[in-house]
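First up is the structure itself, then whatever we jot down about it.
The values are calculated or read from the model by the stated rules, or taken from the named source; none is laboratory data. These figures come from a predicted structure and were not determined experimentally. Ideal geometry is used to build each Cβ from the backbone, glycine not excepted, and the neighbour counts take in all protein chains shown. Quick note on the areas: whole protein, heavy atoms, side chains included, nothing else; ligands and nucleic acids left out. Shrake-Rupley method; radii C 1.70, N 1.55, O 1.52, S 1.80 Å.
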2 protein chains.
Amino acid sequence: MSILTRPILEIDLNKLVENFKYLQTIAGKATAAAVVKDDAYGLGAVEVAKILYQKADCRTFFVAHAVEGEQIYPFVKDADIYVLQGVGEDSVEIFENINLIPVINCPEQLKLWKNIRAKGEKSAIHIDTGLNRLGFREEELKNLSKEELDSFSMVISHLSCADIKDHFMNDIQLNKFKELRAKFFPKTKASLSASDGVFLEDGFLCDIVRLGAAVYGINTAPYHQSKVQNIINIKAPIIQISNLKEGDYAGYGATYRAASDRKIAIVSIGYGDGFPRILSNVGKIFFKIDNSVEQAGIIGRISMDNIICDITNIKNINIDNLAHIIGDFYTLDDMGSDAQTIGYEIISRFGKNKRFVRKYIS
Amino acid sequence: MSILTRPILEIDLNKLVENFKYLQTIAGKATAAAVVKDDAYGLGAVEVAKILYQKADCRTFFVAHAVEGEQIYPFVKDADIYVLQGVGEDSVEIFENINLIPVINCPEQLKLWKNIRAKGEKSAIHIDTGLNRLGFREEELKNLSKEELDSFSMVISHLSCADIKDHFMNDIQLNKFKELRAKFFPKTKASLSASDGVFLEDGFLCDIVRLGAAVYGINTAPYHQSKVQNIINIKAPIIQISNLKEGDYAGYGATYRAASDRKIAIVSIGYGDGFPRILSNVGKIFFKIDNSVEQAGIIGRISMDNIICDITNIKNINIDNLAHIIGDFYTLDDMGSDAQTIGYEIISRFGKNKRFVRKYIS
């Protein structure tokens with residue numbers, strides 16, 4: 001009998017590399033870059049960047065913040081590392097010390113960058129084509145000098161609806177991107193698509209594609225069955241098995257009341273580990289018993305460290321069975337859908353927590 | 001003009017100490033213990049444990065996992081550190097190396113602990129009184145020998161509804177606790193209440209109270225105005241200010257469409273930093289302009305690194321104004337309420353993220 005207390009996060013780096021290589025084939029002649037921002041969506045930017053550098057010849061990385069670029073830099077020194085949030089006074093020192101490429105998002109960042117580009121590194125420019133988030137607008141581009149326009153080594157934009165194949169925004173953005181490139185950046189390398197855009201027509205590929213979510217196993221083109229593999233297994237031990245009598249309450253706020261006698265398991269994972277509390281009373285947890293996957297409903301409120309689930313109808317379960325939280329049969333996307341969000345947010349939460357026994361498979 | 005890129009998390013350790021001392025007075029003769037599990041709800045278990053040890057003479061700490069106890073142990077060596085999830089084969093080594101006190105939750109953990117208690121440390125026992133989460137049930141206590149019952153240095157239980165003053169469960173649990181203590185643990189020290197139970201009648205205080213959420217500024221007794229101070233400020237820079245024309249869309253999925261011309265700010269914080277994505281299109285962000293607090297509605301979907309908000313009606317705002325995410329005027333509890341959850345989950349998320357510039361005020 002095995003008595004455990006800590007939840008377990010397994011990250012399959014082999015499958016991660018396979019996902020990346022598969023996406024490289026989809027990207028055709030475009031260069032496949034890896035997006036490892038937000039600590040590689042919580043999975044460990046250093047581990048992910050290293051393995052993609054070594055096993056998939058990835059030489060282009062995107063991070064959100066300079067401090068994230070600094071973290072991976074020692075492991076991918078000759079690679080291009082782009083910083084999507086650009087440059088600020090709080091990151092100048094990092095840009096002065098190591099060779100990162102800021103993505104300049106607005107005139108104020110351009111001004112700051114021109115003051116500190118002592119070493120003459122080139123920068124990229126972000127232009128907006130309809131997402132209306134970061135990036136220069138056309139009227140701002142008109143204010144740039146030819147010298148300024150020619151100083152950028154890459155022009156990037158970001159699609160808003162590329163996960164929906166026929167969304168009207170896709171063509172609007174592609175056409176706007178073509179138009180702005182022709183006007184302002186006729187000879188500059190270009191990047192338009194992230195993990196979702198690569199599944200659209202070839203026109204969206206341009207010179208560099210920025211691959212994040214799909215590398216981590218998220219289905220970024222949900223109009224077809226996932227073409228990438230799940231790379232995450234999250235498990236948690238049962239701490240205790242006990243019983244509820246008819247009429248007993250369970251969990252904080254007494255929000256669950258047993259309509260009949262129940263058998264319950266207390267599983268050692270909670271919102272403190274990243275399990276969305278919104279799944280209280282409605283989420284599900286899985287057990288693998290005798291080669292079949294059994295489903296147990298979450299009862300009561302999810303607490304910081306524990307979840308109560310109903311195992312009344314699961315035969316042969318005992319305290320040394322691990323609860324399966326995320327796996328091939330219930331993916332990040334599945335939990336995202338149940339928790340009124342997306343797989344991206346789910347993994348970004350789970351991945352941050354130190355209480356997991358973290359295992360990399362490679 | 002100040003151009004920044006990283007969000008900022010300020011933790012006021014002075015106010016944290018004041019909250020703890022205030023709660024000590026409420027606790028009367030009971031010993032006030034600090035709950036620093038989940039990395040002190042993400043705020044940094046080492047920093048929190050150290051300051052409470054030094055400034056508030058706290059000598060009793062609770063963590064969830066042994067690995068968390070190991071983290072704070074060097075800084076509070078002569079304190080009692082209780083481990084709420086108890087002991088497992090994955091934590092035996094830690095218990096053998098350092099002096100932590102497991103809270104034994106079930107017969108299986110007791111058996112394991114008896115095998116490894118070579119040094120003879122005492123343990124605590126967790127008994128269930130109606131929460132129906134972890135803890136021995138009465139029928140399991142009946143199976144313990146007198147020697148086993150006497151071996152525990154403390155008996156603890158946990159209230160399910162103590163944040164609601166007159167909830168029927170409170171008296172049920174208190175009476176059950178008294179009954180089980182009288183039957184099985186007549187001479188053993190006892191702990192029943194966490195941050196919410198301390199505000200109930202004196203009978204709930206027992207020997208030790210376990211203070212977590214309220215120390216961190218969460219109102220654990222929401223039937224009255226908060227008696228503790230907010231200790232958290234979360235801010236984020238504006239990266240860019242721009243305009244939407246009537247009919248323009250903003251954000252992923254084009255879920256927001258401008259009904260009229262709007263002015264927008266792109267703020268450098270997102271769900272990757274812990275901002276709940278469920279607040280897409282409905283949440284709010286604040287700006288302090290000329291000594292007044294102005295509110296901006298979030299528009300479009302929240303993304304991993306950025307939030308778009310509508311600043312049309314905020315005068316005199318410019319790119320060097322910081323956005324205020326959490327503060328005295330919009331607390332963890334307020335965001336919890338808006339995001340269909342509780343302040344506990346909110347801080348547990350924000351606190352985990354390395355991209356914050358983290359500042360401790362002490």
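Scanning the stretch A:334-353 for residues that are crowded, with 19+ Cβ neighbours inside 10 Å and either modelled with pLDDT under 95 or more than 7 Å from chain B (Cβ to nearest Cβ) (or both) yields A:Met335, A:Gly336, A:Ala339, A:Ile342, A:Gly343, A:Ile346, A:Ile347, A:Phe350, A:Gly351, A:Lys352, A:Asn353.
The condition of being over 26 Å from B:Leu43 (Cα atoms) and touching a helix residue (DSSP H, G or I) at 6+ places or on another chain (Cβ under 8 Å) holds for only one of A:Asp328, A:Asp320, A:Asp333, that being A:Asp333.
Look through the stretch A:261-285, keep the residues that are closer than 18 Å to A:Ile314 by Cα and buried (at least 19 other Cβ atoms within 10 Å of the Cβ), and return whichever of them is farthest from the chain's Cα centre (by Cα). Checked the stretch A:261-285; the qualifying residue farthest from the chain's Cα centre (by Cα) is A:Arg262. None of A:Ala213, A:Ala258 is at pLDDT 95 or above and either within 25 Å of A:Arg355 (Cβ to Cβ) or open to solvent by 50 Å² or more (accessible area, probe 1.4 Å) (or both) except A:Ala213. Restricting attention to the stretch A:1-30, the residues that are part of a helix (DSSP H, G or I), touching a residue at least 60 places away in the same chain (Cβ under 8 Å) and either over 14 Å from A:Glu47 (Cα atoms) or open to solvent by 40 Å² or more (accessible area, probe 1.4 Å) (or both) add up to 9. The single condition from (1) within 14 Å of chain B (Cβ to nearest Cβ); (2) more than 20 Å from A:Ile94 (Cα to Cα) that A:Lys29 fails is (1).
If you check B:Phe286, B:Phe356 for being in contact (Cβ under 8 Å) with a residue 12 or more places away in the chain, under 26 Å from B:Ser242 (Cβ atoms), of a type in the set (Phe, Trp, Tyr) and within 11 Å of another protein chain (Cβ to nearest Cβ), only one passes: B:Phe356. The residues listed here are A:Gly247, A:Gly270; of these, the one that is within 11 Å of another protein chain (Cβ to nearest Cβ), closer than 27 Å to B:Asp128 by Cβ and without any contact (Cβ under 8 Å) to a residue 40 or more places away in the chain is A:Gly270.
Just so you know, in the stretch B:194-210 the residues that are among the small types (Gly, Ala, Ser) and touching a residue at least 40 places away in the same chain (Cβ under 8 Å) include one that is most open to solvent (accessible area, probe 1.4 Å), and it is B:Ala194.
Can we say B:Ala190 is part of a strand (DSSP E or B) and either within 14 Å of chain A (Cβ to nearest Cβ) or open to solvent by less than 40 Å² (accessible area, probe 1.4 Å) (or both)? Yes: the conditions hold for B:Ala190. The numbered conditions (1) within 11 Å of chain A (Cβ to nearest Cβ); (2) in contact with a Pro (Cβ under 8 Å, 6 or more places away or on another chain) are all true for B:Ser123 except (1). Going by what's in this entry, would A:Met169 be described as assigned to a helix (DSSP H, G or I) and hydrophobic (A, V, I, L, M, F, W, C)? When the stated conditions are applied, A:Met169 passes them. One residue stands out among those in the stretch B:95-118 that are more than 16 Å from B:Gly135 (Cα to Cα) and assigned to a loop (DSSP other than H, G, I, E, B): the one that is nearest to the other protein chains (Cβ to nearest Cβ), which is B:Leu100. State all residues of the stretch A:154-172 that are more than 10 Å from chain B (Cβ to nearest Cβ) and either open to solvent by less than 30 Å² (accessible area, probe 1.4 Å) or among the polar types (S, T, N, Q) (or both); if no residue qualifies, say none. Across the stretch A:154-172, the qualifying residues are A:Met154, A:Val155, A:Ile156, A:Ser157, A:Asn170.
Filter the stretch B:31-47 for residues that are without any contact (Cβ under 8 Å) to a residue 60 or more places away in the chain and of a type in the set (Val, Ile, Thr) and give the result. Within the stretch B:31-47, just B:Val46 meets the criteria.
Checking every residue in the stretch A:307-324 against the condition of being crowded, with 19+ Cβ neighbours inside 10 Å and over 21 Å from B:Cys106 (Cα atoms) gives at least one match.
Restricting attention to the stretch A:150-189, the residues that are of a type in the set (Gly, Ala, Ser) and in contact with a Lys or Arg (Cβ under 6 Å, 6 or more places away or on another chain) add up to 1. The residues on offer are A:Gly343, A:Gly336, and the sole one that is within 29 Å of A:Val48 (Cα to Cα) and without any contact (Cβ under 8 Å) to a residue 12 or more places away in the chain is A:Gly336. Looking only at the stretch B:97-117, decide whether some residue is within 25 Å of A:Ile302 (Cβ to Cβ), under 27 Å from the mean Cα position of the chain (by Cα) and among the acidic types (Asp, Glu). There is no residue in the stretch B:97-117 that is within 25 Å of A:Ile302 (Cβ to Cβ), under 27 Å from the mean Cα position of the chain (by Cα) and among the acidic types (Asp, Glu).
Filtering the stretch A:247-302 to residues that are farther than 25 Å from B:Asn170 by Cα and basic (Lys, Arg) leaves A:Lys284, A:Lys288. Where strands (runs of 3 or more DSSP E) fall wholly inside the stretch A:228-335, the ranges with 3 or more residues that are touching a Ser or Thr at 6+ places or on another chain (Cβ under 8 Å) are A:232-244, A:262-267.
Within the stretch A:54-88, the only residue that satisfies the criterion of being over 12 Å from A:Asn99 (Cβ atoms), acidic (Asp, Glu) and not in a helix (DSSP H, G or I) is A:Asp57. All of (1) modelled with pLDDT under 95; (2) part of a strand (DSSP E or B) hold for B:Gln225 with one exception: (2). Restricting attention to the stretch B:33-90, the residues being surrounded by fewer than 20 Cβ atoms within 10 Å (Cβ to Cβ), of a type outside the set (Phe, Trp, Tyr) and more than 14 Å from chain A (Cβ to nearest Cβ) number 11.
Checked against (1) open to solvent by 20 Å² or more (accessible area, probe 1.4 Å); (2) more than 10 Å from chain A (Cβ to nearest Cβ); (3) closer than 30 Å to B:Met304 by Cβ, B:Ile234 passes all but condition (1). Can you find a residue that is at pLDDT below 95, open to solvent by 10 Å² or more (accessible area, probe 1.4 Å) and in contact with a Lys or Arg (Cβ under 9 Å, 6 or more places away or on another chain) anywhere in the stretch B:290-298? Looking through the stretch B:290-298, at least one residue is at pLDDT below 95, open to solvent by 10 Å² or more (accessible area, probe 1.4 Å) and in contact with a Lys or Arg (Cβ under 9 Å, 6 or more places away or on another chain).
In the stretch B:37-45, the count of residues that are under 18 Å from B:Lys189 (Cβ atoms) and assigned to a helix (DSSP H, G or I) is zero.
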